[in-house]
Amino acid sequence: MRFSVYLNIAYKPGVRDPEGDTIKRELFSRAGLDVDVRAGKCLVLTLEASSEDEAREKAVRLAWDLRLGNPNVHVVEVVRVCTESRC
Amino acid sequence: MYRVAVLKFPGTNGDYDVLRALELAGLRRELVWHREYKSGLYDAVVLAGGFSYGDYLRAGVIAAQTDAVRRVREDAERGVPVLGICNGFQILTEAGLLPGALTPNEPPGFISKWIRVRINDVKTPFTHLYEPGEVVYMPIAHAEGRYVPSGSYSAVAKYVENPNGSFDDVAGVARGNVVGLMPHPERAVDRDVSRGGTGGLKLWLSLKEWLKR
């Protein structure tokens, strides 16, 4: 079955995130809102797997194998998994 | 004497080229930091190119929500000529002063080269000295220049050879006195430094003539 795995590749907590800081300062704070912002990059990997768990595991492994994130500074998180018919 | 504001945000880098082009055209001009911009002071405004706010979130989107751009909108509504170049054009579309959106190039990537541009609309404050359909050389330097329209629009300039997948070869759009261009007319004014010639000079002279009216 084909699953779509939504990955967020973002800086680890504690690593400076200038994009998130800028969006917070220039858009949220300026609108008078006390909201923290962290930026990340969302990639949707659609791949073949026998179960949701396998799809999740495969996507994260691929992300590290292909160095979509830099392990020194990034986290790779699965945000959502769905089958093609339920995405 | 007419006062032309060249608006600067953090990350704007085309400001001095615009100042130089305006100087060559004989216009009094002022570099204005976005926080200092006041409406009602200037006879024309140029939003120069660059990477405002680091292109974070999306090119132009953060600058579009500044007080400066709200004031530019007030000026535009009073008929003040407004020109956005490259990132300035992206800011104007994100602010809704111009229709449509500028999306990543197709094929993808940053393009920096001289190209031929056909001036399509010669009724704007920035193009009226060009002949209808006149073809001029100007440089482009952008990664998000593929124009996607939303509803009707007026193409002020079109690419002769479409470099970025832009809809209908659109290189620039006008809405009344507000004009946006992806090519850089300020980098095509000085024979000594621009290898592609001076095809942008008439744009600045057009503004000068317009302001005299």
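The values are calculated or read from the model by the stated rules, or taken from the named source; none is laboratory data. The structure presented is a predicted model; accordingly, all values stated were derived computationally and were not measured. For neighbour counting, all protein chains shown are included, and Cβ atoms are generated from backbone atoms with ideal geometry for every residue, glycine included. Ligands, DNA and RNA are excluded from the accessible area calculation, which covers all protein heavy atoms including side chains. Shrake-Rupley method; radii C 1.70, N 1.55, O 1.52, S 1.80 Å.
Taking the range A:70-87 only, how many residues are within 11 Å of the chain's Cα centre (by Cα) and surrounded by 14 or more Cβ atoms within 10 Å (Cβ to Cβ)?
Residues flagged as within 11 Å of the chain's Cα centre (by Cα) and surrounded by 14 or more Cβ atoms within 10 Å (Cβ to Cβ) within the range A:70-87 amount to 5.
Condition check: farther than 27 Å from B:GLY165 by Cα and among the acidic types (Asp, Glu). Does B:GLU77 satisfy that? Break it down stepwise before answering.
Details: farther than 27 Å from B:GLY165 by Cα: yes; among the acidic types (Asp, Glu): yes.
Against the criterion (farther than 27 Å from B:GLY165 by Cα and among the acidic types (Asp, Glu)), B:GLU77 qualifies.
Return the pairs, sorted by first residue and then second, in which the second residue is assigned to a loop (DSSP other than H, G, I, E, B), the first residue lies in the range B:35-48 and is surrounded by fewer than 24 Cβ atoms within 10 Å (Cβ to Cβ), the beta carbons are less than 6 Å apart, and the residues are 6+ apart or on different chains.
What qualifies is B:ASP43/B:TYR2.
Cβ-Cβ below 6 Å, separation at least six or inter-chain, first residue in the range B:164-179 and polar (S, T, N, Q), second modelled with pLDDT of 95 or more and open to solvent by 60 Å² or more (accessible area, probe 1.4 Å): which pairs?
Listed by first residue and then by second, the contacts come to B:ASN164/B:ARG146; B:SER166/B:ARG146.
Scanning the range B:128-159 for residues that are of a type in the set (Ser, Thr, Tyr) and in contact (Cβ under 8 Å) with a residue 60 or more places away in the chain, which turns out surrounded by the most Cβ atoms within 10 Å (Cβ to Cβ)?
It comes out as B:TYR130.
In the range B:94-119, which residues are more than 21 Å from B:ARG191 (Cβ to Cβ) and touching a Gly at 6+ places or on another chain (Cβ under 7 Å)?
Within the range B:94-119, B:GLU94, B:LEU98, B:PRO99, B:LEU102, B:ASN105, B:GLU106, B:ARG118 qualify.
With the requirement that a residue be farther than 19 Å from B:ALA21 by Cβ, surrounded by 21 or more Cβ atoms within 10 Å (Cβ to Cβ) and aliphatic (A, V, I, L, M), what does the range B:160-173 give you?
B:VAL170, B:VAL173
Within the range A:30-69, take every residue that is within 12 Å of another protein chain (Cβ to nearest Cβ) and more than 17 Å from the chain's Cα centre (by Cα) and give me the one that is surrounded by the most Cβ atoms within 10 Å (Cβ to Cβ).
Per the criteria, the residue is A:ARG30.
Can you tell me which condition A:ASN8 does not meet? The list is (1) farther than 16 Å from A:VAL78 by Cβ; (2) touching a residue at least 60 places away in the same chain (Cβ under 8 Å); (3) not aromatic (Phe, Trp, Tyr), and all the others hold.
All conditions are met except number (1).
Would you list the strands (runs of 3 or more DSSP E) that sit entirely within the range B:24-100 and hold 1 or more residues that are of a type outside the set (Val, Ile, Thr) and either within 14 Å of chain A (Cβ to nearest Cβ) or under 28 Å from A:ASP17 (Cβ atoms) (or both)?
B:28-33, B:44-47
Given the conditions (1) open to solvent by less than 10 Å² (accessible area, probe 1.4 Å); (2) under 19 Å from B:GLY60 (Cα atoms); (3) part of a loop (DSSP other than H, G, I, E, B); (4) not small (Gly, Ala, Ser), which single one is not true for B:THR124?
(2)
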